[in-house]
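Data block below; observations after.
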């Protein structure tokens, strides 16, 4: 049984001119436990919306998103929040760290909505990403590469089954991007988490043994402005 | 732990607005508690002040003026009581004790009151409490130009035993109205926390015969302080002087007459209380405005929290809790503001009346005002909390790809 199994997934938005536009229309998609897959797609192709739907940040209009035994598409918002906190780790392009919190607090807070804050585990995961000496630093006191490592640590702290990474290297220089990517892949492998990464960067996609074109999965791609 | 951490970090991130808003709440809370406590305490204290007497006999006029003049040493005397009238009431079978007083002079603004030593030796100004002189002092000689000073008056005038002074004519101080007589201070009263503390006491004969006073009124007194043998005697004398007679006024019971004053100025208390409530309401609205204005800056953090799995009700609760926390901080400081305000007000009341209020004494308002204020602040947080609740995570966390 796959970890993630999507069928007939659709999401539409109403544009400012009142027109209903389908952004995501994925008939079938699956991801095995521990699998690492990269999806290629241009800006505006609906990749982020697709990840938001899987994470339950957005509610699907129709279709199913089976995460293990639970269908994210059928759950109410509070249940989606809980499932996201417990099963999914999310890495953003802009890191989305909380600026008023230290590295350790960012990780602890991420854990607290899931199984619960565990200081030892949070410290261990920060040490794993090479920030054991920056536990009490604030994001503004870190380089962009270090900030992304905090984001990786936060995503991994709950030992998620699935990690979603949305252009995780988009804000990093080549060296940091390469390191961050390697770190994400290694930590996912160590934790047995599946990784679904979306990017438009060929250098990133080239690292993955398994990559697909999101436009080929998404029937709505032709309607979306690229 | 999570909510507490979110609230603490948010308060710290918006430190300036947190401090300013908490200070406005502190002032409002301090004002609210001050108005309430001063109102309650002043009413309770003033209506209990009778320095050991049941009634006052004075010239025909207002009972309230008579009480204010002879018990609180405020206002002007409504007129004189003849020696014959004084002797009559003194020997009336219903009267246990009658102490005459005479007013009309001052010492640099502090009222000089003529009386007899029995006021200090035979009267309990409060249950079980007699006036007492500080060590080294002695009671004035009724036939000498001697004085004993209330504790507050002595401190304010800077006089001690052995010092001398010239009285000044009238109840208001006028340096040009100095009497030729010279009085010597023979004693300082220990604090009694009554209006007697702000009086310069001299023998009644001395005040009656002060140089420049009308010799024809030399045996008159300003009022007679009366202890009755029974409460029913008060009503009989009230009937005799106030209903059947028309020359004198019998003010009885003293507490009820002062209470009547408070009921007459009840509207003023209500206005003060209303103002305090409005200030509290405005400061709670300040919490709303303060947090609401920062919502644009907070929206991204809220979206991040939501993306990490925080539920809508969690971020809603965090904002309401933050508003309540600002209220709590404000009310902690409010007690400091209250003590400053109430201490100043109590000092003014003591200087004006001799009556001592005790701001440190517990009053239920010290519990319900903070509770109400914190609840009001939490209510003020509901609108920004609703904004937080409705934050759209996906659009706030853009860019999208």
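Do you know which residues across the stretch A:81-95 are in contact with a helix residue (DSSP H, G or I) (Cβ under 6 Å, 6 or more places away or on another chain) and either surrounded by fewer than 24 Cβ atoms within 10 Å (Cβ to Cβ) or more than 7 Å from every other protein chain (Cβ to nearest Cβ) (or both)? Within the stretch A:81-95, A:88, A:89, A:91, A:95 meet the criteria.
Answer yes if at least one residue in the stretch A:115-127 is within 11 Å of chain B (Cβ to nearest Cβ), buried (at least 19 other Cβ atoms within 10 Å of the Cβ) and more than 20 Å from residue B:298 (Cα to Cα), and no otherwise. Yes, the stretch A:115-127 has at least one match. For the stretch A:50-79, a residue qualifies if it is facing another protein chain (nearest Cβ under 10 Å), on the phi < 0 side of the Ramachandran plot, crowded, with 23+ Cβ neighbours inside 10 Å and without any contact (Cβ under 8 Å) to a residue 40 or more places away in the chain, and the qualifying residues are A:52, A:57.
Just one residue in the set B:266, B:336, B:309, B:286 is surrounded by 21 or more Cβ atoms within 10 Å (Cβ to Cβ) and away from chain A (no Cβ under 14 Å); that residue is B:286.
Every residue, every condition in (1) at pLDDT 95 or above; (2) surrounded by fewer than 18 Cβ atoms within 10 Å (Cβ to Cβ), yes or no:
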position: B:78; (1), (2): no, no
position: B:94; (1), (2): no, yes
position: B:113; (1), (2): yes, no
position: B:117; (1), (2): yes, yes
position: B:122; (1), (2): no, yes
position: B:125; (1), (2): no, no
position: B:128; (1), (2): no, yes
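In summary, residue B:321 fulfils each of the numbered conditions (1) in contact (Cβ under 8 Å) with a residue 60 or more places away in the chain; (2) under 23 Å from residue A:52 (Cα atoms) with the single exception of condition (2). Number of residues in the stretch B:218-233 that are surrounded by fewer than 21 Cβ atoms within 10 Å (Cβ to Cβ) and within 17 Å of residue B:76 (Cα to Cα) equals 1. Looking for something under 25 Å from residue B:310 (Cα atoms) and part of a loop (DSSP other than H, G, I, E, B) - is there at least one such residue anywhere in the stretch A:190-198? Yes, there is a match, as at least one residue in the stretch A:190-198 is under 25 Å from residue B:310 (Cα atoms) and part of a loop (DSSP other than H, G, I, E, B).
Return the residues of the stretch B:191-221 that are within 27 Å of the chain's Cα centre (by Cα) and either in a strand (DSSP E or B) or within 20 Å of residue B:82 (Cα to Cα) (or both); say none if nothing qualifies. Within the stretch B:191-221, B:200, B:201 meet the criteria.
Scanning the stretch B:200-220 for residues that are modelled with pLDDT of 95 or more and in contact with a helix residue (DSSP H, G or I) (Cβ under 9 Å, 6 or more places away or on another chain) turns up B:200, B:201.
Going by the structure shown, is residue B:101 buried (at least 21 other Cβ atoms within 10 Å of the Cβ) and in the same structural domain as residue B:235 (by TED's automatic domain parsing)? Working first, answer last.
On the way: buried (at least 21 other Cβ atoms within 10 Å of the Cβ): yes; in the same structural domain as residue B:235 (by TED's automatic domain parsing): yes.
Yes.
Taking the stretch A:1-21 as the search range and keeping residues that are closer than 19 Å to residue B:392 by Cβ and touching a helix residue (DSSP H, G or I) at 6+ places or on another chain (Cβ under 9 Å), which one is surrounded by the most Cβ atoms within 10 Å (Cβ to Cβ)? The residue in question is A:11.
Entry remark, the stretch B:7-34: residues being over 18 Å from residue B:321 (Cα atoms) and outside any helix (DSSP H, G or I) number 0 in total.
Out of curiosity, is residue B:320 away from chain A (no Cβ under 14 Å), within 28 Å of residue B:392 (Cα to Cα) and crowded, with 19+ Cβ neighbours inside 10 Å?
Details: away from chain A (no Cβ under 14 Å): yes; within 28 Å of residue B:392 (Cα to Cα): yes; crowded, with 19+ Cβ neighbours inside 10 Å: yes.
Against the criterion (away from chain A (no Cβ under 14 Å), within 28 Å of residue B:392 (Cα to Cα) and crowded, with 19+ Cβ neighbours inside 10 Å), residue B:320 qualifies.
Here are some residues: A:34, A:41. Which one is within 16 Å of the chain's Cα centre (by Cα) and at the interface with chain B (Cβ under 10 Å from one of its Cβ atoms)?
Working: A:34 fails: at the interface with chain B (Cβ under 10 Å from one of its Cβ atoms).
The match here is A:41.
Within the stretch A:33-48, can you find the residues that are touching a helix residue (DSSP H, G or I) at 6+ places or on another chain (Cβ under 9 Å), more than 22 Å from residue A:206 (Cβ to Cβ) and surrounded by fewer than 22 Cβ atoms within 10 Å (Cβ to Cβ)? Please lay out each step first, then the result.
Going through the stretch A:33-48, the residues touching a helix residue (DSSP H, G or I) at 6+ places or on another chain (Cβ under 9 Å) turn out to be A:34, A:36, A:38-42, A:45-48.
Still in the running and more than 22 Å from residue A:206 (Cβ to Cβ): A:46.
Within the stretch A:33-48, no residue meets the criteria.
Against the condition modelled with pLDDT of 90 or more and assigned to a helix (DSSP H, G or I), how does residue B:102 come out, does it pass? Criteria not met by residue B:102.
The one condition from (1) in a helix (DSSP H, G or I); (2) more than 30 Å from residue A:21 (Cβ to Cβ); (3) touching a helix residue (DSSP H, G or I) at 6+ places or on another chain (Cβ under 7 Å) that residue A:158 does not meet is (1). For the stretch A:96-106, a residue qualifies if it is touching a residue at least 24 places away in the same chain (Cβ under 8 Å) and facing chain B (nearest Cβ under 10 Å), and the qualifying residues are A:96, A:97, A:98, A:99, A:100, A:101, A:102, A:106.
Yes or no: the stretch B:246-256 includes at least one residue that is within 30 Å of residue B:383 (Cβ to Cβ), crowded, with 17+ Cβ neighbours inside 10 Å and touching a residue at least 24 places away in the same chain (Cβ under 8 Å). Spell out how you get there, then give the answer.
Here is the first cut: in the stretch B:246-256, the ones within 30 Å of residue B:383 (Cβ to Cβ) are none.
No, because not a single residue in the stretch B:246-256 is within 30 Å of residue B:383 (Cβ to Cβ), crowded, with 17+ Cβ neighbours inside 10 Å and touching a residue at least 24 places away in the same chain (Cβ under 8 Å).
The number of residues in the stretch B:223-245 being within 17 Å of residue B:101 (Cβ to Cβ) and in contact with a helix residue (DSSP H, G or I) (Cβ under 7 Å, 6 or more places away or on another chain) comes to 4. I want to confirm something. Restricting to the stretch A:170-188 and keeping residues that are free of Cβ contacts under 8 Å to residues at least 40 places away in the same chain and in a loop (DSSP other than H, G, I, E, B), which single residue is nearest to the other protein chains (Cβ to nearest Cβ)? The selected residue is A:172.
The values are calculated or read from the model by the stated rules, or taken from the named source; none is laboratory data. Just so we're clear, the structure is a prediction, and the values are computed from it rather than from any experiment. Reconstructed Cβ throughout: ideal geometry from the backbone, glycine too, with neighbour counts over all protein chains shown.
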